[in-house]
Amino acid sequence: MSPSSAPAVVSSVPLSSRMPPALVVVMLALLLGIQPVTTDLYLPALPALTHGFGAQVSDAQLTLSALLLAFGCAQLVLGPLSDRFGRRPVLLWGLTAYVIAAVGGALAPSMDLLIVWRTLQGAAMGAAVMAARAVVRDLYQPVEGARVMSRALTGLGAIACVCAPLGGLVSDLFNWRIALLVPALFGALTLGLIALRFNETLASRNLQALRAGTLLRTWALVLRNPTFLAFCALTTASYSVLFTFLAASSFVFIQVLGLTKTQYGLVMLWNSMAYVAGTMLCRRWLPRYGVRRSVARAAALSLTGGSAMGGLALAGVQSVAAILVPLTLVMLAHGVHQPCGQSGAVGPFPKAAGAASALNGFVMMLAAFGVGGWLGTHIDGTVLPLAMGMWFWCICVALIAWTMVWRYGEPRGG
């Protein structure tokens, strides 16, 4: 049984097409933006947090990688839940749990409990991000969905621009616990907006979405689809590039290159600004070149930036500029790959967008967990682990864009 043929009933709740389009984009930006708020804002405080608990770098990495693993795994359940009951209830419960977990993490008395709370926070975060991707498919055909997703991800980028500088400032003025508390405030504000203004977007609910047989058949159908596999591979490799930077950058810039937490926040601000520019470039390229050619052009930027960063590191160049200049090209490309990839992965599944979004998110975060584990044992007081890791994943992005996405990357609505 395919997702499109699964028994369903028409929802009686209002469709979000009745919401103003600008409001839809704002909500999507907040829901997607919860991820950089959760991951980026505390990065400037990560070395201080590690020192405060007397923990190892590998333990500190778990506060990020365990969060993302839980984020990916939770989507496997939350996606079908949203296909069965709708996006709105999953969002309301998920955001409520997110706020509670964020407060628990800020008050955690030990590194072990902080990891537990961050894991729960990641699972709850999955509701927001998974539902946002599914909402795009609920409302738009794949190509238009890529344009809308790029607008929402521009908003995500704007939020990310603020996160690291704010985290560094809050950590300097107060302490790392306050930096961990800020996401709770963001989650509460987002919860309030969703509760007051979000109308259900799922036109028909799949009554069998949570049955084991249906779920397995749905996942099998999604995983056999070459368009899904192409875009899932693209988003996974592209996010692995970003996560390598996120997981290693605070240690490299603060401990190796000697920046203050506030200066590191400015580095992250530049990183986010490049990403925002990339999402704008995506919107400019899509009408002119289409999805495949836009992704292929962005892959050239990824490969150029990653190769420059890796080559400089191998030559023994350790400086902020040697990382930041190539990083700009990589993040421009990331701003193209993610909206195209995220909308393309769910494009073939209008009746199972939640399940497809969940599988895509799970694979992305599983890769991120592996990257975090590798970095936790390879950070060595040089820029090499960061630079070589990003170079590797940039090569993967280019290969995927020029082969899989080029062959299967024109998503069609169904």
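The values are calculated or read from the model by the stated rules, or taken from the named source; none is laboratory data. These numbers were taken from a predicted model, which means no experiment stands behind them. Glycine gets a Cβ as well: all are built from the backbone with ideal geometry, and neighbour counts include every protein chain shown.
Figures for the structure shown
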{"item": "The stretch 333-372, residues that are among the aromatic types (Phe, Trp, Tyr) and at pLDDT 85 or above", "result": "Phe362"}
{"item": "Index of the failed condition, Met130 passing every other in (1) aliphatic (A, V, I, L, M); (2) modelled with pLDDT under 85; (3) over 16 Å from Trp176 (Cβ atoms)", "result": "(2)"}
{"item": "Residue in the stretch 173-231 that is surrounded by the most Cβ atoms within 10 Å (Cβ to Cβ), counting only those that are of a type in the set (Phe, Trp, Tyr) and closer than 23 Å to Val136 by Cα", "result": "Phe231"}
{"item": "Flag if Thr377 is polar (S, T, N, Q), within 27 Å of Gly258 (Cβ to Cβ) and surrounded by fewer than 24 Cβ atoms within 10 Å (Cβ to Cβ)", "result": "yes"}
{"item": "Of residues in the stretch 201-219 being among the polar types (S, T, N, Q) and assigned to a helix (DSSP H, G or I), the one modelled with the lowest pLDDT", "result": "Thr214"}
{"item": "Selection from the stretch 148-161 of residues that are buried (at least 19 other Cβ atoms within 10 Å of the Cβ) and either over 29 Å from Leu332 (Cβ atoms) or not hydroxyl-bearing (Ser, Thr, Tyr) (or both)", "result": "Val148, Met149, Arg151, Ala152, Leu153, Gly155, Leu156, Gly157, Ile159, Ala160, Cys161"}
{"item": "Residues being among the acidic types (Asp, Glu) and not in a loop (DSSP other than H, G, I, E, B) - total across the stretch 160-200", "result": "1"}
{"item": "The one condition in (1) modelled with pLDDT under 90; (2) touching a His at 6+ places or on another chain (Cβ under 6 Å) that Ser238 fails to fulfil", "result": "(1)"}
{"item": "Residue satisfying condition, being touching a residue at least 24 places away in the same chain (Cβ under 8 Å) and either touching an Asp or Glu at 6+ places or on another chain (Cβ under 9 Å) or over 19 Å from Phe245 (Cα atoms) (or both), within set Ser307, Ser357, Ser302", "result": "Ser357"}
{"item": "Qualifying residue in the stretch 222-229 (condition: part of a helix (DSSP H, G or I), closer than 29 Å to Val405 by Cα and either of a type in the set (D, E, K, R) or without any contact (Cβ under 8 Å) to a residue 60 or more places away in the chain (or both))", "result": "yes"}
{"item": "Sole residue being without any contact (Cβ under 8 Å) to a residue 24 or more places away in the chain and of a type in the set (A, V, I, L, M, F, W, C), chosen from Leu113, Leu69", "result": "Leu113"}
{"item": "Those residues of the stretch 352-392 which are closer than 18 Å to Gln342 by Cα and among the aromatic types (Phe, Trp, Tyr), in sequence order", "result": "Phe362"}
{"item": "Single unsatisfied condition, Ala29 versus (1) among the hydrophobic types (A, V, I, L, M, F, W, C); (2) under 30 Å from Lys351 (Cβ atoms); (3) crowded, with 24+ Cβ neighbours inside 10 Å", "result": "(3)"}
{"item": "Search result, residues across the stretch 134-160 that are over 15 Å from Ala277 (Cβ atoms), of a type in the set (Gly, Ala, Ser) and at pLDDT 80 or above", "result": "Ala134, Ala152"}
{"item": "Any hit, the stretch 378-385, residues being in contact (Cβ under 8 Å) with a residue 60 or more places away in the chain, among the β-branched types (Val, Ile, Thr) and assigned to a helix (DSSP H, G or I)", "result": "no"}
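For (1) aliphatic (A, V, I, L, M); (2) under 18 Å from the mean Cα position of the chain (by Cα); (3) under 27 Å from Leu329 (Cβ atoms); (4) surrounded by fewer than 21 Cβ atoms within 10 Å (Cβ to Cβ), each residue gets a yes or a no:
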residue	(1), (2), (3), (4)
Pro348	no, no, no, no
Lys351	no, no, no, no
Ala355	yes, yes, no, no
Asn360	no, yes, yes, no
Leu366	yes, yes, yes, yes
Leu384	yes, no, yes, yes
Ala387	yes, no, yes, no
Ile395	yes, no, yes, yes
Gly409	no, no, yes, no
